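Undergrad: The structure's right below; bear with me while I get my questions together.
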Amino acid sequence: RNVSKRDALAHVFGYCNSNDLSARDLQMRTSQWLLGKTPDKFLPLGPCIVSADEVPNPQKLRIRCWVNGQQRQDSNTADMIFSIAHIISYASQYFTLEPGDVISTGTPEGVIFGMQQKQWLRPGDSVAVEVGDFGRLTNLMVNVPRAASAKAR
């Protein structure tokens, strides 16, 4: 709790890729994005965790994303609005961070939400993410039907 920016990275076990998915239809139902960000399986991680001692500077990592083999994002953690140390310090002011907690820093520019013509992900689409040399995380999109009681709402 109350971790300083200076000490924040000393509390990091490791880094990994994450695929920050959103269900925009659910997300836009309210003024808060929580509903569209938290369905089961909406933050795949992997394919491995790279220990913090193997990442000399987490603010100098290339971030790339492809949808169906077409590159959508090519950025760098150096371009983040808030540094990883800042995010850890800020979060720790409001709640206790426990061993094993995962903090997702969000996504760089290039998400479909900000584009004029929106081609939303569909079942069968493939999304691949690479951060630094952490390997490639690839996820196949599937349609998971909602229960009848959820559809009635």
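The values are calculated or read from the model by the stated rules, or taken from the named source; none is laboratory data. From a predicted model like this one, the values you see are computed outputs, not experimental measurements. Note that each Cβ is placed from the backbone with ideal geometry, even for glycine, and that neighbours are counted across all protein chains shown.
Undergrad: Checking residue 34 against (1) closer than 19 Å to residue 87 by Cα; (2) at pLDDT 95 or above, which test does it fail?
TA: All conditions are met except number (2).
Rundown of residues vs (1) out of contact with any strand residue (DSSP E or B) (no Cβ under 6 Å at 6 or more places or on another chain); (2) surrounded by 14 or more Cβ atoms within 10 Å (Cβ to Cβ); (3) more than 16 Å from residue 12 (Cα to Cα), yes/no style:
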residue: 35; (1), (2), (3): yes, yes, yes
residue: 39; (1), (2), (3): yes, yes, yes
residue: 52; (1), (2), (3): no, yes, no
residue: 63; (1), (2), (3): no, yes, yes
residue: 80; (1), (2), (3): yes, yes, yes
residue: 83; (1), (2), (3): yes, yes, no
residue: 96; (1), (2), (3): yes, no, no
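Undergrad: Return the pair list, or none, for Cβ contacts closer than 7 Å from residues in the range 90-112 that are part of a loop (DSSP other than H, G, I, E, B) and hydroxyl-bearing (Ser, Thr, Tyr) to residues that are surrounded by 14 or more Cβ atoms within 10 Å (Cβ to Cβ) and at pLDDT 80 or above, at least 6 apart or on different chains.
TA: Once the first residue is part of a loop (DSSP other than H, G, I, E, B) and hydroxyl-bearing (Ser, Thr, Tyr) and sits in the range 90-112, its partners that are surrounded by 14 or more Cβ atoms within 10 Å (Cβ to Cβ) and at pLDDT 80 or above give 104/18; 104/20; 104/43; 105/80; 105/84; 105/87; 107/20.
Undergrad: While we're on this one: Test each condition in (1) loosely packed, with under 14 Cβ neighbours inside 10 Å; (2) touching a Pro at 6+ places or on another chain (Cβ under 6 Å) for residue 31 and report the one that comes out false.
TA: Checking residue 31 against (1) loosely packed, with under 14 Cβ neighbours inside 10 Å; (2) touching a Pro at 6+ places or on another chain (Cβ under 6 Å), the one that fails is (2).
Undergrad: While we're on this one: If a residue has to be part of a loop (DSSP other than H, G, I, E, B) and either under 16 Å from the mean Cα position of the chain (by Cα) or in contact (Cβ under 8 Å) with a residue 24 or more places away in the chain (or both) to count, how many in the range 30-88 make the cut?
TA: Number satisfying all stated conditions: 18.
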